[in-house]
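The values are calculated or read from the model by the stated rules, or taken from the named source; none is laboratory data. Note that the coordinates shown come from a computational prediction; the quantities given were computed from them, not determined experimentally. Ideal geometry is used to build each Cβ from the backbone, glycine not excepted, and the neighbour counts take in all protein chains shown. Heads up: the accessible areas ignore ligands, DNA and RNA and are worked out on the full protein's heavy atoms, side chains in. Shrake-Rupley method; radii C 1.70, N 1.55, O 1.52, S 1.80 Å.
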Amino acid sequence: MSSKKEHVCPVEIAGHLDSRIRRWLQNPEKILRPYIEEGMTVMDMGCGPGFFSIDMAQMVGKSGRVIAVDLQEGMLQKVRDKIKGTEFEKRITLHQCGKNKIGLSEQVDFVLLFYMVHEVPNKEAFFSEIKTILKQGGQVLMVEPPFHVSKSAFQEIVRKAGDVGFTNVKGPNVLFSKTMVLAKKEK
Ligand SMILES: C[S@@+](CC[C@H](N)C(=O)[O-])C[C@H]1O[C@@H](n2cnc3c(N)ncnc32)[C@H](O)[C@@H]1O
C-alpha cells in the first residue's frame with residue numbers, strides 16, 4: 001500500500017486529455033489495434049473524458065462492448081455527453097468505481113490502464129481485482145506518463161502487478177510514455 005496521497009486528475013483539466021493534438025501524437029486506433037478485436041468485451045479503466053473509450057467501441061464493433069470505468073462522476077458525465085444519441089450509447093457501459101474497489105464481476109478480454117495506475121492508492125489490491133476481471137488469456141496494456149512516474153516508480157508498479165500473479169512483456173512504443181503488457185500467469 002502507498003503511504004502518500006495520490007493526486008487524482010481533476011475533471012476541470014479533462015479537455016487537455018481529449019485534444020486533437022493528442023490524437024495526432026497518441027492515436028488510440030494505432031496504439032490499441034494489436035490488442036482489440038471485433039466482438040471483444042474490453043475495459044477502459046480510469047477512462048477520464050473517454051479519449052480511448054470511443055475508439056475502443058468502434059474497434060469492438062456492434063457485437064462487442066466497452067466498460068468505461070472512472071472514480072469521478074464528472075469524467076463519466078463527459079463520456080455520457082459525447083456518446084448521447086450515437087450508436088455507441090448501447091455499446092459503452094459507464095461504471096463509477098471506488099478509490100480502492102472497482103466493483104465489477106464481469107469478465108473482460110482486454111483492460112486499458114492509460115495514465116491512471118499512478119493515481120491508484122492501493123496498487124496491489126487494484127491489480128488483484130483486475131486479475132479477477134480479466135479472462136485467462138486476456139491482456140492488460142498499462143501506459144504511464146514520463147514525468148509523474150520515474151523509471152524506478154514504474155518498475156515498482158510492474159513488480160506489484162507481478163506479486164499478485166501477472167507476467168509482463170515490453171509494451172508498444174507510445175510517445176512520451178512507459179508501457180507494459182500484463183497477462184495472468186498460467187494456472
Ligand atoms: C490522467 S487521467 C487519464 C484518463 C484517460 N485514461 C486518458 O488517458 O485520457 C486519470 C484518470 O484516472 C481516474 N482515476 C484515478 N484514480 C482512479 C481509481 N482508483 N480508479 C479508477 N479511476 C481512477 C481519474 O479520475 C482520471 O479520470
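For the range 3-26, indicate whether the set of residues that are part of a loop (DSSP other than H, G, I, E, B), more than 14 Å from the ligand (Cβ to nearest atom) and in contact (Cβ under 8 Å) with a residue 60 or more places away in the chain is non-empty. Within the range 3-26 (the criterion being part of a loop (DSSP other than H, G, I, E, B), more than 14 Å from the ligand (Cβ to nearest atom) and in contact (Cβ under 8 Å) with a residue 60 or more places away in the chain), the answer is no, since none of the residues qualifies. In the range 58-68 there is at least one residue matching the filter, namely being in contact (Cβ under 8 Å) with a residue 40 or more places away in the chain and not polar (S, T, N, Q). Residue 69 satisfies every condition listed in (1) in a strand (DSSP E or B); (2) touching a Leu at 6+ places or on another chain (Cβ under 8 Å); (3) away from the ligand (no atom under 12 Å from the Cβ) except (3). Condition check for residue 80 on (1) part of a helix (DSSP H, G or I); (2) surrounded by fewer than 17 Cβ atoms within 10 Å (Cβ to Cβ); (3) in contact with a Pro (Cβ under 9 Å, 6 or more places away or on another chain): one failure, at (3). Failed condition for residue 140, given (1) closer than 19 Å to residue 28 by Cβ; (2) free of Cβ contacts under 8 Å to residues at least 12 places away in the same chain, with all others met? It fails just one condition, (2).
Hey, among the residues in the range 138-161 that are under 12 Å from the mean Cα position of the chain (by Cα) and not acidic (Asp, Glu), which one's farthest from the ligand (Cβ to nearest atom)? Working first, answer last.
First, the residues of the range 138-161 that are under 12 Å from the mean Cα position of the chain (by Cα): 139-144.
If we keep only those that are not acidic (Asp, Glu) as well, we get 139-143.
Values: 139: 17, 140: 13, 141: 11, 142: 11, 143: 8 Å.
The residue in question is 139.
Look at (1) under 21 Å from residue 175 (Cβ atoms); (2) touching a helix residue (DSSP H, G or I) at 6+ places or on another chain (Cβ under 9 Å); (3) modelled with pLDDT under 95 and you find that residue 100 fails only one, number (1). Across the range 107-137, the number of residues qualifying as among the aromatic types (Phe, Trp, Tyr), near the ligand (Cβ under 10 Å from one of its atoms) and farther than 24 Å from residue 27 by Cα comes to 1.
Only one residue in 40, 116, 59 is open to solvent by 10 Å² or more (accessible area, probe 1.4 Å) and under 12 Å from the mean Cα position of the chain (by Cα). Which one? So that I can check it myself, show each step before the final result.
Working: 40 fails: under 12 Å from the mean Cα position of the chain (by Cα); 59 fails: under 12 Å from the mean Cα position of the chain (by Cα).
That would be 116, the only listed residue that is open to solvent by 10 Å² or more (accessible area, probe 1.4 Å) and under 12 Å from the mean Cα position of the chain (by Cα).
For the range 162-169, the condition holds for no residue, the condition being that it is among the aromatic types (Phe, Trp, Tyr) and either over 18 Å from the mean Cα position of the chain (by Cα) or in a loop (DSSP other than H, G, I, E, B) (or both).
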